[in-house]
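The values are calculated or read from the model by the stated rules, or taken from the named source; none is laboratory data. Computed from a predicted structure; not experimentally measured. Neighbour counts run over all protein chains shown; Cβ positions are idealised from the backbone, glycine included.
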Amino acid sequence: MSLLSALFVLLSLAHPQEPREMLATEEGLIAIDIPKGWVRSEGPGLAFFLREKDDPRTAPACIYLSSAPIGPDEDAKTFDDFVESDINSFKRRFKNGRAEKENDLELPRAKLKATVYTFLSGETTNAFEEIIYIPESHRVLILVLSAKTAEALASARPDLHSFAQSYSGSIVEAPASPN
């Protein structure tokens with residue numbers, strides 16, 4: 001049995017009543033369930049999602065997943081370092097922008113808490129984002145809800161939260177050992 005098959009079996013045993021989705025990305029597999037009514041599409045990050053009814057060119061909101069490495073050999077040594085750096089980068093980019101800390105989000109399947117921020121750019125395009133930062137041992141998974149209006153953000157926020165709360169873990173390919 002392959003390592004991936006074994007992990008899938010373990011995840012299934014841990015939550016037998018809940019079917020698992022394994023999202024394949026260029027960085028490995030992520031056990032997370034795509035929200036109902038959303039589909040994977042072409043776009044930024046490791047994976048990009050739109051509502052089924054939306055045209056990619058005019059969608060009022062989208063969700064994308066990305067990641068950033070953390071650790072002793074990285075610019076961000078810790079999870080908190082990365083989040084602080086991301087906020088500072090946003091504030092440099094958007095002079096009138098605001099970053100608002102939201103309540104942490106419980107991730108029951110992974111037995112973790114995710115850090116949540118809402119970014120308000122103060123501009124008319126991509127003016128609203130809610131970002132959920134999920135800690136992993138060597139990286140931060142980043143779930144971003146990007147919306148054109150406050151209404152679109154509010155409408156899609158429950159889907160973003162259910163997406164994050166379905167997270168169970170990930171498998172990242174280990175780097176080849178030097179010989």
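A150 meets each of the listed conditions (1) of a type in the set (A, V, I, L, M, F, W, C); (2) buried (at least 19 other Cβ atoms within 10 Å of the Cβ); (3) modelled with pLDDT under 95 apart from (2).
Considering A68, A76, the condition of being in contact with a helix residue (DSSP H, G or I) (Cβ under 7 Å, 6 or more places away or on another chain), modelled with pLDDT of 90 or more, surrounded by fewer than 18 Cβ atoms within 10 Å (Cβ to Cβ) and not β-branched (V, I, T) is satisfied by A68 alone.
Listed conditions (1) aliphatic (A, V, I, L, M); (2) closer than 21 Å to A76 by Cβ; (3) modelled with pLDDT of 95 or more; (4) surrounded by fewer than 21 Cβ atoms within 10 Å (Cβ to Cβ) are all met by V172, apart from (3). Scanning the stretch 116-140 for residues that are of a type in the set (A, V, I, L, M), surrounded by fewer than 22 Cβ atoms within 10 Å (Cβ to Cβ) and either at pLDDT 95 or above or within 20 Å of D54 (Cα to Cα) (or both) yields a count of 2. Return a yes/no flag: does the stretch 105-114 have any residue that is acidic (D, E), in contact with a helix residue (DSSP H, G or I) (Cβ under 9 Å, 6 or more places away or on another chain), in a strand (DSSP E or B) and crowded, with 19+ Cβ neighbours inside 10 Å. No, that holds for no residue. Taken over the stretch 41-65, the criterion of being surrounded by fewer than 14 Cβ atoms within 10 Å (Cβ to Cβ) and basic (K, R) is satisfied by K53, R57. Consider the stretch 32-65 and keep the residues that are assigned to a strand (DSSP E or B) and among the basic types (K, R). The one that is modelled with the lowest pLDDT is R40.
When restricted to residues that are loosely packed, with under 14 Cβ neighbours inside 10 Å and either assigned to a helix (DSSP H, G or I) or of a type in the set (A, V, I, L, M) (or both), the stretch 92-104 contains 2.
Restrict the check to the stretch 146-163 and report whether at least one residue is under 20 Å from L29 (Cβ atoms), out of contact with any Gly (no Cβ under 8 Å at 6 or more places or on another chain), of a type outside the set (G, A, S) and assigned to a strand (DSSP E or B). The answer is no, given that none of the residues of the stretch 146-163 is under 20 Å from L29 (Cβ atoms), out of contact with any Gly (no Cβ under 8 Å at 6 or more places or on another chain), of a type outside the set (G, A, S) and assigned to a strand (DSSP E or B).
Might you let me know whether the stretch 94-117 holds any residue that is among the hydroxyl-bearing types (S, T, Y) and under 24 Å from Y167 (Cα atoms)? Yes, the stretch 94-117 contains a residue that is among the hydroxyl-bearing types (S, T, Y) and under 24 Å from Y167 (Cα atoms).
Among all positions in the stretch 72-88, there is at least one residue which is assigned to a helix (DSSP H, G or I) and touching a residue at least 60 places away in the same chain (Cβ under 8 Å).
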